[in-house]
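The values are calculated or read from the model by the stated rules, or taken from the named source; none is laboratory data. This is a predicted model, so every value here is computed, not measured. Quick reminder, even Gly has a Cβ in these numbers, built from the backbone with ideal geometry, and neighbours come from all protein chains shown. The protein model used for the area step is the full one, side chains on, heavy atoms only, and it has no ligands, DNA or RNA in it. Shrake-Rupley method; radii C 1.70, N 1.55, O 1.52, S 1.80 Å.
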Amino acid sequence: MIIDYTVANISTANWDPRSFYLNDEASCIIYDREIIAHVEREINEDKANSRRLTKRVIDEIPKWERSLQKTPEWIYYYF
């Protein structure tokens, strides 16, 4: 994440139960403008290599993979 081109946050934090309860997550706040510019280039490259998530893309997800979406939340704690 880049804030006003003056601060960057590089982080391993995920928004899932396992990350909140089991993993040791870390964040790094960066104020160096040269590094922030590099991070911005990386983000822009990632965006250029991404694709829009549409209903058609979702419908093309294999059934076995789609079944994982129905995994009970308590199982995330262990995996």
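Helix-only arithmetic for the chain: the sum of -39500 (n - 2.57) across DSSP H runs with n ≥ 4, divided by the residue total, places the mean residue ellipticity at 222 nm at -11000 deg cm²/dmol.
In the full protein context, the chain carries 92 Å² of accessible surface per residue, based on a 1.4 Å probe and ignoring ligands, DNA and RNA. Only protein atoms count toward the accessible area here, which uses a 1.4 Å probe; on the chain, the carbon and sulfur part of that area reaches 55 percent. Given +1 at the Cβ of Lys and Arg, -1 at the Cβ of Asp and Glu and no other charges, the dipole of segment 13-79 around its Cα centre is 540 debye to the nearest 20. Comparing mean-square fluctuations of Arg66, Arg18, Arg52 from a GNM of the chain with C-alpha springs under 10 Å, the top value falls on Arg52. If I fit a long axis through the Cα atoms of helix 33-48 and take the longest principal axis of the Cα atoms of the chain, what angle between them do I get, 0 to 90°, rounded to 10? Computed tilt is about 30 degrees.
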